[in-house]
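Values in this text are rule-based calculations from the coordinates and carry no lab data. The structure displayed is predicted, hence computed values, not measured ones. Using ideal geometry, Cβ is built from the backbone for each residue, glycine included, and neighbour counts are taken over all protein chains shown.
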Amino acid sequence: MTGFPRRTTGPRAFTLLEVILAIALLGIVASLFITGGSEMFRARERTLVDVFWSAVQAARLQAVQEDATVTMRFDEKARRIVWRSANSEVHGEDWPGRNLEFLSAESRDAVLIGGQQVGTGRLVAVRFHADGTTDRFRAQLTDANGRVSRLELDPWTAAPVVRDSP
């Protein structure tokens, strides 16, 4: 026999160094998840589109709940979307852009201005009906920088219409 210690075949434990390294690694991974996850839950700034669809859904819901026609318009002076029924009037949140116009659903009611297609068939107001449907219309949103975007609504569901690109 030599002077080396004998190896046992029983259960082997972790060394203190291995335990410390494992805890440090778990701490690093957890901190990455926490900082990355907080970005996901942080509130983002509401866009023109967010404000518009929120108002559309609220007006549609009011029409269905009250079993009445609700009329929506954009109040340029107060810079808010306003919708009203025979029973009440609701003022939406502040409009974050320059302008909102309701346009007829006909695509031929548009002209090219400054390289952007701009609708010309302006409607004063649009209606949401008690059965959940709405008038056929498009919305033209102008942001604070003057960029124009148009949204089309499905008259049956008041949901966005998505067109295939040619």
Next on the checklist: For a quick check: sort L16, L103 by the number of other beta carbons within 10 angstrom, fewest at the front.
Outcome noted: L16, L103
Checklist entry - Which far-off residues, 5 or more places away or on another chain, put their amide H under 5 Å from the one on A105, with H placed in the peptide plane? => result R138
Checklist entry - Rg and Dmax of the stretch 48-152, using alpha carbons, in Å: what are they? => result 13.7, 44
Checklist entry - Of the listed peptides 49-57, 83-91, what is their order by residue-averaged count of other C-beta atoms within 10 Å, with the highest listed first? => result 49-57, 83-91
